[in-house]
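Everything below concerns the one structure shown next.
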Amino acid sequence: MNINCNSINKCKFCDIVNGHIPNSIENSFLWETEHFVVLPALGQFVAGYYLIIPKKHYTSFSQLPENLHKEISDLKRNVENTIKNIWEKECLVFEHGMLISNNSGCIEHAHLHIIPSNIDIPQILDNFQYIQLPDFKGIYDPKLQSENYLYFEARNKYNFYPIVKCDDFPKQYLRRIIYREIGCEGNGWDWKKHSHLDNIKTSNELINNYMIAQVN
C-alpha cells in the first residue's frame, strides 16, 4: 500500500523524511538515495543497528513498485557491507510488513531493520509456519501479498512468516527476541522507553569515519 505522506496522521517516519521534526542525532540520514533514507534505529540497543526507510509512505517493502527493487537491493547491500566491515559481524535483517492495518500503535511506515550480530534465526520462531524464500526479492511474490508478515534474514536464510493472528506476534516481537538472544536482560528492547543515544552517537561516528576513509 502506497499513501501520500501528506495524508498520513502522526507518522513519525513521514515527519522525519519531510523535515517536520527538528534534526537530531536520532533522525540523521547516514545514507540517502532518490527514494530511501537510512536512519539509526529507534532504541538502538546494539551499536550499528540501522533502519532503511522509503521516502514515500509504503506500509511494507513487499509493496514497493518494481522500479524501486534494484535501488533498495543496492542500498541494502551497501549498508550491510558497511556494517559488516565496521563491526566484523554478520547482519540480521527483518521487517514487520503491514498489509492490513491492525491499529496496534506500531509505526505503519515500512522500515527494514539491519543489526550486526552473529546469532542465527532464533529457534523460538520454529514454532510458527514460514515460507523459505530464495533471497530478499522473494517478498515481492504476488502470492504473498494477502496478509501481514514477518520477514527474517540471517546467515543466507530468508524466512517469511505470515501473520494469521496478531496476538502471535506482539509489538516489537523480534526486537525482544534478539535482545534476549544477545544476552541482555530487562526491557532495553523497547524503543519507546530506551533511546540508547550513546550507541547511536558512537555508531554514527564510526560509519561517517569509515565512509570518509573509503573516499580518501
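Each reported figure results from applying straightforward, stated rules to the coordinates on display, with no laboratory input. Since the model is a prediction, treat every value here as computed from it, not as a measurement. Cβ sites come from the backbone with ideal geometry, for glycine too, and all protein chains shown count toward neighbours.
Listing for the model above:
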| read-out | value |
| --- | --- |
| From the options 110, 47, residue that is over 13 Å from the mean Cα position of the chain (by Cα), in a loop (DSSP other than H, G, I, E, B) and not polar (S, T, N, Q) | 47 |
| Sole residue being within 24 Å of residue 210 (Cα to Cα) and free of Cβ contacts under 8 Å to residues at least 40 places away in the same chain, chosen from 81, 127, 85 | 81 |
| Matching residues in the range 134-145 - criterion: being more than 20 Å from residue 91 (Cβ to Cβ) and outside any helix (DSSP H, G or I) | 141, 145 |
| Residues of the range 167-185 that turn out to be free of Cβ contacts under 8 Å to residues at least 40 places away in the same chain, farther than 12 Å from residue 45 by Cβ and in a helix (DSSP H, G or I), as a count | 1 |
| Qualifying residue in the range 188-203 (condition: of a type in the set (Lys, Arg), within 18 Å of the chain's Cα centre (by Cα), in a loop (DSSP other than H, G, I, E, B) and farther than 14 Å from residue 42 by Cα) | no |
| Condition met for residue 53 (crowded, with 20+ Cβ neighbours inside 10 Å and assigned to a helix (DSSP H, G or I)) | no |
| Positions within the range 140-176 being farther than 17 Å from residue 126 by Cα and charged (D, E, K, R), in sequence order | 141, 143, 147, 171 |
| Pairs where the first residue, in the range 37-55, is under 18 Å from residue 11 (Cβ atoms) and the second is outside any strand (DSSP E or B) and basic (Lys, Arg), C-beta under 7 Å, 6+ apart | 37/55; 52/76 |
| Where residue 118 falls short, out of the listed (1) part of a helix (DSSP H, G or I); (2) surrounded by fewer than 17 Cβ atoms within 10 Å (Cβ to Cβ) | (1) |
| Qualifying residue in the range 146-165 (condition: closer than 26 Å to residue 72 by Cβ, assigned to a loop (DSSP other than H, G, I, E, B), among the charged types (D, E, K, R) and in contact with a strand residue (DSSP E or B) (Cβ under 8 Å, 6 or more places away or on another chain)) | yes |
| Condition met for residue 156 (more than 27 Å from residue 31 (Cβ to Cβ) and polar (S, T, N, Q)) | no |
| Meets criteria (buried (at least 16 other Cβ atoms within 10 Å of the Cβ) and either within 22 Å of residue 210 (Cβ to Cβ) or in contact with a strand residue (DSSP E or B) (Cβ under 7 Å, 6 or more places away or on another chain) (or both)) for residue 73 | no |
